[in-house]
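Report on one structure; see the data block that follows.
The values are calculated or read from the model by the stated rules, or taken from the named source; none is laboratory data. What you see is a predicted model, and the numbers here were worked out from it, not measured in a lab. Here the Cβ positions follow ideal geometry from the backbone for every residue, glycine too, while neighbour counts run over all protein chains shown.
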Amino acid sequence: MSDSAATPPPLQGCLFCHTEQSTFLVEGRRLFGMGNNYPVLRCSHCGSAALFDDGGDEPDRWRIRYRRVNRADAYYYVADRLGKAGWLSARDALRISQDGFVQRKRVQQAHLGDLDWLQPAPMNPPPPFVETDEVLFLALRAVSYQEGSLPGLWSRFGPRTVLDSGKFYVTDRSLHLMGQRKTWSHSLAEVQRVAFNHRMWLVDIAAGSQIYQYQGANLTDQYDPQLVAAVIRSLAGA
């Protein structure tokens, strides 16, 4: 039976779900002589579990490696970054945890219709395809425009025929893609479905009897797919 220990001073709360006083250490288990001697840091709230290296004589140099994470939508950002990173230094783990906390709050705000944190404003000067009084919320690169799947089909994240790609603008009334071939624009009223996973976000558009799809990859220097989807859902009422 494993012995529990007091939570180490550097981690009074959970890096994963940010619940205070929810973490505790248990002795690591070795099976048939295999494994390691690191204790396991567990959270009683979200169920995450991570190997923990306390840094020995240098407590500020602790390390952590998650081996079980909660994949609920609320923890999308931290599950993707903490769960796949391997061993993380104290500095990197705290940075990711802090970014994840902010991201979760932004998603919650978007669900409530609060998008002021994006500092929306008219484009100055606006491109020719944007009305002068349209308010810009997002500008994203490397977005594709492609044939979509019919409603109800399970393969919504599957391969599609790509029609164009370029820079994508989300305004208070429209979605615009300044593509390599031409500019594509659709009103927010044409949005049928918004979805995301750890690789991408997508927006299905109903144009007459045809379904088209905007799709953007999960890029480290842009808003993550969950946040992009939350913003577009909020604006479109989808």
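A few remarks follow.
- Residue within segment 22-38 that is out of contact with any Lys or Arg (no Cβ under 8 Å at 6 or more places or on another chain), at pLDDT 90 or above and closer than 28 Å to THR220 by Cβ present: no
- Where strands (runs of 3 or more DSSP E) fall entirely within segment 47-149, those with at least 1 residues that are closer than 19 Å to ALA230 by Cα, touching a residue at least 40 places away in the same chain (Cβ under 8 Å) and not acidic (Asp, Glu) are at 135-147.
- Qualifying residue in segment 185-200 (condition: buried (at least 18 other Cβ atoms within 10 Å of the Cβ), modelled with pLDDT under 95 and under 13 Å from GLY148 (Cβ atoms)): yes
- The set of residues from segment 201-221 being more than 25 Å from ALA79 (Cβ to Cβ) and surrounded by fewer than 17 Cβ atoms within 10 Å (Cβ to Cβ) comprises ALA206, ALA207, GLY208, SER209, GLN210.
- Verdict on ALA90 being touching a helix residue (DSSP H, G or I) at 6+ places or on another chain (Cβ under 7 Å), closer than 16 Å to PHE52 by Cα and at pLDDT below 95: yes
- Residue match in segment 154-166 (condition: among the acidic types (Asp, Glu), closer than 21 Å to LEU227 by Cβ and at pLDDT 95 or above): no
- Residue list for segment 71-116, restricted to those being surrounded by fewer than 21 Cβ atoms within 10 Å (Cβ to Cβ), farther than 22 Å from ASP172 by Cα and hydrophobic (A, V, I, L, M, F, W, C): ALA72, ALA74, ALA85, TRP87, ALA90, LEU94, ILE96, PHE101, VAL102
- Residue within segment 92-102 that is touching a Leu at 6+ places or on another chain (Cβ under 9 Å), outside the structural domain of GLY216 (by TED's automatic domain parsing) and closer than 23 Å to GLN215 by Cβ present: no
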